[in-house]
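Report on the following structure.
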There are 2 protein chains.
Amino acid sequence: MTMEEIRIQHREIRKDKPDESNLLFGQHFTDHMFLLDYNLEQGWHDPRIVPYAPLVLDPAAMVLHYGQAVFEGMKAFLAKDEQILLFRPNKNMERFNQSNRRLEIPEIDGDFIIHAIQSLVNVDKEWIPSGKGTSLYIRPFIIATEACLGVRASHTYQLIVILSPVGAYYSEGLEPVKINVETSYTRAVRGGLGTAKAAGNYAASIKAQTEAKEAGYSQVLWLDAIEKKYIEEVGSMNIFFKIDGKVITPHLNGSILAGVTRDSIMELLCNWGISVEERQISIEEVYEASKNNTLEEVFGTGTAAVISPVGELFWDNHQMIVNQGDIGQLSQKLYDTITGIQTGLIPDTLHWTVNV
Amino acid sequence: MTMEEIRIQHREIRKDKPDESNLLFGQHFTDHMFLLDYNLEQGWHDPRIVPYAPLVLDPAAMVLHYGQAVFEGMKAFLAKDEQILLFRPNKNMERFNQSNRRLEIPEIDGDFIIHAIQSLVNVDKEWIPSGKGTSLYIRPFIIATEACLGVRASHTYQLIVILSPVGAYYSEGLEPVKINVETSYTRAVRGGLGTAKAAGNYAASIKAQTEAKEAGYSQVLWLDAIEKKYIEEVGSMNIFFKIDGKVITPHLNGSILAGVTRDSIMELLCNWGISVEERQISIEEVYEASKNNTLEEVFGTGTAAVISPVGELFWDNHQMIVNQGDIGQLSQKLYDTITGIQTGLIPDTLHWTVNV
């Protein structure tokens, strides 16, 4: 696909903007959206920015029956001098295409989609909140639109980008959360969709999360599906442990999503001279560290939350309190550094940010 | 939900009907559809039959992002004296609610939905094809409609029923198919969504199926995700083996869908005095039987195909030819009996059919 010109159709009457001091995650949407269509004859075509409006989908559209859908999550930040920054959008586009390949969705031109996102954010830039910890969440997604009940890859798709002004992901802010180690339900297994940002992975997680919430936990920690022994992810985030001075994160084993924040944290830690072990880590090892008082920090990482410190893990009747339930020093430093780079407060020596 | 009256809005201009002699699966849809809405205040409400038309969905509708969607598959058959028969619709409604519970979707009143399906089929009864092997495929499904990007259960849903006149599922008819035993990709794992008829399961299967087709096979045979050793399903069907006179089917181990056709076959075989072993069966055992010439029949079972005889299995460089590639006697008898009951040609002593 060439850099085809993006048609822009502006909304006539702008929507009211939500109160910036009380932004819930993913509940408000801006005035416009980006659309791009795919069919076998034309490939991806007709890029356009149009007023945010309902989609018109045949009831037999394959996405509604067979879940052929992938998405990405990114943010735009308001920096000094009215600058608008994106954070490592190329990494999201690489993963978008990894997801596409796994679900037999035609690949997209990442550079063009970044250009489209820049154009869309620019059209709706008044929606970017300016408060601390706020941002404009960007949700690109692709859905299978062909009206057919045969189980196979669709012949038509739509790529859509919507924008949502957001506050902090967790309503508690950067407060350590309580996590239940899930021993019954599974998120993904090797050979499945775990490495793709596919809609079905999230459907699989809902029940476990509801049950954890009812028991007083914010999220679940997912163990591997095979032995129910090794740690995979926390909620919809990657996870890091600091044990006896060493930082450990589960290696990308074929059922874990390769997070952009995960990658950024590993690069930062490497630059700071702190080595990260990417390897299998069992819940037993974490429990042993907890008993020996060497479990120093635990935190989840993801685009929505950036860093989510874990204050307590509950596994098999064992309660593990991490760092007396306080935010760890390294967690806080990583959060401050990444959000600092994202918002232009810290020099971007790693060239991670991209101007809109 | 009480038996609330179903509003009916008839289409003014009827659509052209497709050529009955060339019906592809799930490509044509009738004049009307059934809709039912859910919200927290009213529960399931506003049942209505309306002209088949595109759905209007917010781009942030949760089904498009997190795959919270379940479905069922059923058929209506034209029997003698213009009678219209459904096949065991109560079994589909039981499973619909099992799927709902797994995906945190509010349960439906199965009897009411059967009533709604009967009303809808009646409105569009001219669409039921009359040729041998044809039927009206019924697709009830539920999608999460709330516009929100938080990962949790939606607060609003829509249940939709659409109808599609269909010929035989496999374009080859009741011809034995070639199956590739899948050793890399997985369909589901215990603790996941495998027992639910959830959209995400099908998304996970597309790539394996494409690769099998490219290699000259019709479908894949799924092995368990953990040991890659035990047989689970074939394509989107359950599977049966006849080895040395005995019929064996994988037991419902927590990652296999409990098929209505599977259940019907087990009941028929039991009535015929043929015992069925519901147990773990490894691909190794099937291979050994093939080598010893005791692998007599293999067939898939599902609503769309009813019986799909397997003529060849390919596993780990071993080619296993089943019954010289011909349809087995038992496979044929089961197909004839079930389709006979479904279409009223064979007395329904088991009370499986329900009049529309």
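When region B:192-205 is limited to residues that are of a type in the set (A, V, I, L, M) and within 16 Å of the chain's Cα centre (by Cα), the one that is farthest from the other protein chains (Cβ to nearest Cβ) turns out to be B:Ala196.
The test for being closer than 29 Å to B:Gln342 by Cα, assigned by TED's automatic domain parsing to the domain that holds B:Ala147 and surrounded by fewer than 18 Cβ atoms within 10 Å (Cβ to Cβ) holds for B:Asn22. Examine region A:133-146 for a residue that is touching a residue at least 40 places away in the same chain (Cβ under 8 Å), over 26 Å from B:Tyr202 (Cα atoms), hydrophobic (A, V, I, L, M, F, W, C) and out of contact with any Phe, Trp or Tyr (no Cβ under 9 Å at 6 or more places or on another chain), and state whether such a residue exists. Yes, that holds for at least one residue. Could we say that A:Ile231 is within 26 Å of B:Ser184 (Cβ to Cβ) and either aliphatic (A, V, I, L, M) or at the interface with chain B (Cβ under 7 Å from one of its Cβ atoms) (or both) here? Answer is yes for this residue.
Put simply, of A:Gly254, A:Gly216 the only residue that is farther than 17 Å from A:Phe71 by Cα, within 13 Å of chain B (Cβ to nearest Cβ) and surrounded by fewer than 24 Cβ atoms within 10 Å (Cβ to Cβ) is A:Gly254. Considering region B:1-116, the qualifying strands (runs of 3 or more DSSP E), each wholly inside and each with 2 or more residues that are within 14 Å of chain A (Cβ to nearest Cβ) and over 30 Å from A:Leu35 (Cβ atoms), run over B:74-78.
Quick grid of which residues meet (1) touching an Asp or Glu at 6+ places or on another chain (Cβ under 6 Å); (2) closer than 27 Å to B:Glu227 by Cα; (3) free of Cβ contacts under 8 Å to residues at least 40 places away in the same chain:
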residue	(1), (2), (3)
A:Ala208	yes, yes, yes
A:Leu223	no, yes, no
A:Ile243	no, no, no
A:Met266	no, no, yes
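Of the conditions (1) under 21 Å from A:Lys178 (Cβ atoms); (2) touching a helix residue (DSSP H, G or I) at 6+ places or on another chain (Cβ under 9 Å), A:Asp263 satisfies every one except a single condition; which number is it? All conditions are met except number (1).
Would you be able to say whether some residue in region A:124-147 is touching an Asp or Glu at 6+ places or on another chain (Cβ under 8 Å), within 26 Å of A:Gln27 (Cβ to Cβ) and assigned to a helix (DSSP H, G or I)? Within region A:124-147, one or more residues are touching an Asp or Glu at 6+ places or on another chain (Cβ under 8 Å), within 26 Å of A:Gln27 (Cβ to Cβ) and assigned to a helix (DSSP H, G or I).
Considered as a group, the residues in region B:130-153 that are more than 30 Å from B:Leu23 (Cβ to Cβ) and more than 9 Å from chain A (Cβ to nearest Cβ) include one that is surrounded by the fewest Cβ atoms within 10 Å (Cβ to Cβ), and that residue is B:Glu146. Quick check, is B:Ala208 within 11 Å of another protein chain (Cβ to nearest Cβ), modelled with pLDDT of 95 or more and part of a loop (DSSP other than H, G, I, E, B)? Spelling it out, it is not the case that B:Ala208 is within 11 Å of another protein chain (Cβ to nearest Cβ), modelled with pLDDT of 95 or more and part of a loop (DSSP other than H, G, I, E, B).
In the set (1) touching a Ser or Thr at 6+ places or on another chain (Cβ under 9 Å); (2) modelled with pLDDT of 95 or more; (3) of a type in the set (S, T, N, Q), A:Gln27 fails one condition alone, (2).
Within region B:136-174, the set of residues being among the polar types (S, T, N, Q), over 22 Å from B:Asn100 (Cβ atoms) and at pLDDT 95 or above comprises B:Ser164 only.
If the condition is being closer than 20 Å to A:Gly302 by Cβ and of a type in the set (A, V, I, L, M, F, W, C), then region A:326-345 contributes A:Ile327, A:Leu330, A:Leu334, A:Ile338, A:Ile341.
Summed over region A:211-234, the residues that are out of contact with any helix residue (DSSP H, G or I) (no Cβ under 8 Å at 6 or more places or on another chain), among the β-branched types (Val, Ile, Thr) and in a strand (DSSP E or B) give a count of 1. Among the conditions (1) more than 24 Å from B:His28 (Cβ to Cβ); (2) more than 13 Å from every other protein chain (Cβ to nearest Cβ); (3) of a type in the set (A, V, I, L, M); (4) assigned to a loop (DSSP other than H, G, I, E, B), the only one that B:Val189 does not satisfy is (2).
The values are calculated or read from the model by the stated rules, or taken from the named source; none is laboratory data. Computed from a prediction, not measured in an experiment: that's the story for all the values here. We place every Cβ from the backbone using ideal geometry, glycine too, and count neighbours over all the protein chains shown.
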